[in-house]
Amino acid sequence: MAAGQPSLAGVGDRGSSSSHPPPPPPPKILLAKPPLPPPSSSGADDEGGGRARQAPQPGSLSLVSDAWEVHTDKILPYLTENNDFMVIGIIGPPGVGKSTIMNALYGYDGSSPGMHPPFATQTEEIRAMAKHCTAGVDFRISHERVILLDTQPVYSPSILIDMMRPDGSSALPVLSGDPLPADLAHELMGIQLGVFLASVCNILLVVSEGINDCAMWKLMLTVDLLKNNIPDPSLLTSSSSPDKENKNDNQAGSEDYMADLCFVHARLRENDFSPSKLMLLRKTLEKHFESSSFNIGSSSSATPEVTDPSVPLSTKAEDLSSSQQDVFLLPLRAHDNSAQFEYGTYSSMLGMLRDQVLSRPSRAFSKNLTERDWLRSSAKIWDMVKRSPVVSEYCKVLQSSGLFRK
């Protein structure tokens, strides 16, 4: 993956070379998720005399459906035999802006009238009803061949309500065997999502609400504990690229694979944006994950100490990202997106996150694999996660803890 600074449209020009014939045109790009049905059946047109434009898509494009089953048939036509691609996933609680972040990584800026965003975001009505927008794992791929995986929120009351039967059991087959209590199944769903994303992504964004919330950190430590015997996606396929050497020779032959984590603390207040708090957050993060398999802060040894709290964050943010940025801060978003702080607006900070994530050197899979092979391997890994004996044993431990319904 190129490490140059990307533009709004993406990460440079992929595959362009004067010494080679131009590649065949890529398949259609997943531009937008079909909008939800209108709340009324009046059929009134949008302002301007026409209905909002939709990108042509074959129905739902979820890699994992709300029934907790993997589906690849509708996604496969959008993928190619290209092996120069990146996979970015995201995980976090409700209402922290996960889909907004993924839309920014896609390159959507909301400036095209009538164009729906690739990933649906919360409206005021949905927010007032405390509902979630995403169920399962939604899939999109950009022109720059960046695969984006947006996920349903963890620790979501609305998801728990939707999956609960009248007797309190789960309506979703989270694990094989007898139905689980809904609250226990809901807990396991967050863990399964984390294990899956850590297994199939190059970069995984872990989003928390506020500067002091470390619930997602604890979840990722549980993911690290339970991600056992889940192989590298490139080792689950027999096809590879003979004309290209492996992206990372020292990983070849090893089944251990973990996505690189980037931590995003969102919905912050102005007083949360001090360099001293950022440094304390980074040190606490590295201490929290020092015994884990995740690669946290490994390239931040040259990170300068920030001792002067009066130094604007915008200056220090550039310094901190000079090697490998894995901590990002986003302010609380105003309704009109006009809130101006010393460091800039929500949009400017989101743009900085987008540029740094897309230009960040990411963890490579052990062997080269194509987009289509990645999809097939991801389906196999999802099945492994749902059948994992380690996760099943952990489920029994939780059941015996007395914290969940019998």
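For the stretch 152-245, the share of accessible area belonging to carbon and sulfur comes to 52 percent (1.4 Å probe, ligands and nucleic acids excluded). For the modelled label position 7 Å from the Cα of D213 along Cα-to-Cβ, which residues of the stretch 82-110 have backbone nitrogen atoms closer than 15 Å? Only 91-101 pass the distance filter. Summing charges over all other residues whose Cβ lies under 14 Å from the Cβ of F294, with Lys and Arg as +1 and Asp and Glu as -1, gives -2. When the pairs K74/K380; K227/K380; K98/K367; K218/K287; K74/K98; K218/K283 are compared against a 20 Å limit on Cα-Cα distance, K98/K367; K74/K98 fall above it.
The values are calculated or read from the model by the stated rules, or taken from the named source; none is laboratory data. Note that this is a predicted model, so its numbers are computed, not measured. Cβ coordinates were reconstructed from backbone atoms using ideal geometry, including for glycine residues, and neighbour counts include every protein chain displayed. These area figures cover heavy atoms from the full protein model, side chains too; ligands, DNA and RNA do not enter into them. Shrake-Rupley method; radii C 1.70, N 1.55, O 1.52, S 1.80 Å.
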